[in-house]
Amino acid sequence: MKTKHLNWMLMLLIILVNPIVIMNLWNWFIVELGAKPINYLLAFGLDLFMTYMIYKPSVNEDTEEDIINKQVQSIFLMILFSVGGFIIHLFM
């Protein structure tokens, strides 16, 4: 039961934080190319669109532990992309 709650909390965290990462990366790098800056809601919509375009249904049934591991990896990648993008942005 605890893993089910943890699974939902991690999923909600990913859904809410991923647009922030997209927004920051866009505003740091794509704006330099002449595009307009985007806000959180536009980044959220862009995230939904990208997820829809690359979504592939899972063929095998993952255990709850596998799902939580994938979510933790996703959070780690969001942090890595944010910190890496910020560091690169400082040198521009």
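No lab work stands behind these numbers, since they all come straight from the coordinates. Keep in mind the model is a prediction, meaning the values are calculated, not measured. Cβ placement follows ideal geometry from the backbone for every residue including glycine, while neighbour counts extend to all protein chains displayed.
Search the structure for amide H atoms under 5 Å from the amide H of ILE38, placed 1.01 Å from N in the peptide plane, and list their residues when 5 or more places away or on another chain.
Under 5 Å from the amide H of ILE38 lie the amide H atoms of ASN27, each far enough along the sequence or on another chain.
Relative contact order for the chain: what percent, with Cα pairs under 8 Å and sequence separation of 6 or more?
Working: 48 pairs, mean separation 42.3, N = 92.
This gives 46 percent for the chain.
Looking at region 5-76, which chymotrypsin sites (Phe, Trp or Tyr not before Pro) are DSSP coil and have at most 16 other C-beta atoms within 10 Å of their C-beta? Please list the in-between numbers first.
Working: sites: TRP8, TRP26, TRP28, PHE29, TYR40, PHE44, PHE49, TYR52, TYR55, PHE76; in loops: TYR55.
Hits after loop and neighbour filter: TYR55.
Excluding residues fewer than 8 places away in the same chain, name every one of the aspartates and glutamates whose C-alpha is closer than 14 Å to that of LYS2.
GLU64, GLU65
Kirkwood Rh over Cα pairs of region 8-92 into Stokes-Einstein at 37 °C, 0.692 mPa s: D in µm²/s?
Working: Rh = 14.3 Å.
Answer, rounded: 230 µm²/s.
Of VAL21, VAL72, VAL31, which has the largest mean-square fluctuation in a 10 Å C-alpha GNM of the chain?
Checking each option, the largest mean-square fluctuation is seen for VAL31.
Taking only DSSP H segments of four or more residues, each worth -39500 (n - 2.57), what value at 222 nm results for the chain once the sum is divided by all its residues, to the nearest 500 deg cm²/dmol?
-25000 deg cm²/dmol
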